[in-house]
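Okay, so here's the structure we're looking at.
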Ligand code: WTA
């Protein structure tokens, strides 16, 4: 980490916004002044200006029972109405909401009027299936318009969605369905990925079936299936129904009833430091207010003229806030692309930007680094002159990638917003405002107006400029998580106990303040890895590994990787009994596949090393730091606290 810090601190390039951009920008310096003068009043203004309230709120923040916050609690609204109907009522029904591009190249343009109509029908279908206020609906879909419509239909009826990324395995899906007690699953037969149909419905069938003694899943009553891949699927006529039969047959009249601002909107599972993913709970009014506000001022969305594209999958928080809720609340026109960036050719994304005239582009550093590797010739074959703003999210962006992004994709002129936030924060927390901030490559820089953060030492004291420490959020914010589904204690423990006396939210990230007080994010300080901008837990992968019959013990670390930021590297001890009966050849490959089946392809270790021992302290704690040294090919650090100091040289030899 220290070499990384030194490197970052030598970064002195600064980029001021182009004059015209600054003149037209939505975000202005007054926002900071207003927020500094009256933070809660500032958020109340945003919530009133950007959203429609069926019942206006009179209360802003209720923090009388920390860490359980309520925002705008006596107000009522309907999230889907805010994202759809009101734009149609305002005369913008003919504006395109979604410019959908399928991976094989099909195209659908869906206006706000059409999307509203579709969501109303889906809402009627859901209600016809007995789904109502507070019920949970699991969504396991590819990046197709129906995914957005499904989320909004669930929101419209006051139910709670739990979107599960389509890359997760049947087992992961099952765990999430069980934890939330979902009554309905919305899925597709399959979706296109890397040039072929990747099936989804079979994973749902498996998830709901009795496997490995789990018993049949008990809460799910129906499965609503979109036909997308055209692949063959099994059918349970009592349980399954086709979207293309049910939805068009349903009425397009559906009144959007108001719900309290604190009505739960969604649960989204994310990896923590233990083996069990946490169901992060978000509610309606505060979440939507900050989603809409940040999308307006950070992405500088001008809904009448911009074509916006956030490449995130709706299975992640970025897809929730900056595909579904933020841009649609703002009435923006956006691209939705189904597939992978390099199918059928490595210029696919740039082709999409040229084709639709994308003006605002928001993606992850991993993607940028993999394009850098392929070379600038690929994007240079396309006309990217429509782009006027670039964004980055999900992991630290190294200055080289930042500058490449600006020069090659942004024609050496577009501002870049490096946005720090988390599933838990719901929306962007730290970022430049592109019309006013002089940007620094590699730094997320400053909290957005209305957000209060600090970098502190272990005892919660401000570290001061020029120093590193832990990132905390010092005041509650509208889109903050309201808890962990079904586990209020874990919510307190994970985020609030560390700085309980100060009342700070502990983000789990290391950060540094430079001489100007700007924030540089340095990565996770806990056992959470960040692989291609996706959060993975070391403990979760370790427990998948030891669930395999061959494995006695496993230790997983996130090792630095040029493209993916971090990569999963596993050290595994094989059971003697297993080795007596089996050949060790091919075992690493078997375990890789196994992890993919247990969790999902994204969790498959890049490297698996079979070793005889793991480095442990006298109290039995695995010293991951030393394994990371090995995985990154570095000299192994201080081993004096190990129970057996010789173990690292043995491991290093075994790895070679
Ligand atoms: C990391 C994604 C540096 C961070 C929105 C955080 C970042 C975790 C940035 C949350 C950034 C996100 N610079 N690191 N701009 N954005 N992170 O929940 O470690 O998938 O804690 O939310 O990603 O990941 P999550």
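Read-outs throughout are calculated quantities, based only on the coordinates presented, and are distinct from any laboratory measurement. This one's a predicted model, so the numbers in the text were calculated from it and none came from an experiment. For neighbour counting, all protein chains shown are included, and Cβ atoms are generated from backbone atoms with ideal geometry for every residue, glycine included.
The table for this structure:
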{"read-out": "Likely footprinting exposure, 101, 400, 583, fewest C-beta neighbours within 10 Å first", "value": "583, 400, 101"}
{"read-out": "Cα gyration tensor shape for region 112-216, rounded if a/c is under 1.5, else prolate or oblate", "value": "oblate"}
{"read-out": "Sequence of 553, 395 once ranked by neighbouring C-beta atoms within 10 Å, starting from the fewest", "value": "553, 395"}
{"read-out": "Relative contact order (%) - criterion: Cα under 8 Å, at least six apart; region: the chain", "value": "14 percent"}
{"read-out": "Calculated [θ] (222 nm, deg cm²/dmol) that DSSP helices of n ≥ 4 give over the chain, each run adding -39,500 (n - 2.57)", "value": "-8000 deg cm²/dmol"}
{"read-out": "Equivalent-ellipsoid semi-axes of region 87-143, from the Cα gyration tensor, Å, largest first", "value": "24, 19, 8"}
{"read-out": "Stretch gain in nm, segment residue 218-residue 547, where the contour uses 0.36 nm per residue and the Cα spacing is subtracted", "value": "116.0 nm"}
{"read-out": "Net lengthening on full extension, residue 92/residue 178 (0.36 nm per residue, minus Cα-Cα)", "value": "26.9 nm"}
{"read-out": "Cβ-Cβ FRET estimate between residue 656 and residue 606, R0 fixed at 22 Å, reported to 0.05", "value": "0.85"}
{"read-out": "Per residue, the convex hull volume that the Cα atoms of region 329-418 enclose (Å³)", "value": "104 Å³"}
{"read-out": "Separation between Cα centres of region 12-75 and region 145-161, rounded to whole Å", "value": "26 Å"}
{"read-out": "Residue exposure sequence - 254, 299 - by fewest surrounding Cβ within 10 Å", "value": "254, 299"}
{"read-out": "Whole-Å distance, taken between Cα centres, linking region 536-590 and region 178-234", "value": "28 Å"}
{"read-out": "Euclidean distance of C-alpha centroids, region 310-367 and region 369-435, integer Å", "value": "13 Å"}
{"read-out": "Gyration tensor verdict on region 169-263 (Cα atoms; rounded if a/c is under 1.5, prolate if a/b is larger than b/c, oblate otherwise)", "value": "oblate"}
{"read-out": "Label-point separation, residue 340 to residue 582 (7 Å along Cα→Cβ), nm", "value": "2.7 nm"}
{"read-out": "Cα-projected label distance for residue 236 with residue 74, points at 7 Å along beta-carbon direction, nm", "value": "4.7 nm"}
{"read-out": "Potential lengthening between residue 497 and residue 14 on full extension [0.36 nm per residue; Cα-Cα distance subtracted]", "value": "170.1 nm"}
{"read-out": "Cα-based radius of gyration of region 240-376 once divided by 2.2 N^0.38 Å, which approximates compact folds", "value": "1.26"}
{"read-out": "Residue 36-residue 24 pseudo-label distance in nm [points 7 Å out on the Cα-to-Cβ vector]", "value": "2.9 nm"}
{"read-out": "Computed over the chain, the ratio Rg/Rh where both radii use C-alpha atoms and Rh is Kirkwood", "value": "0.95"}
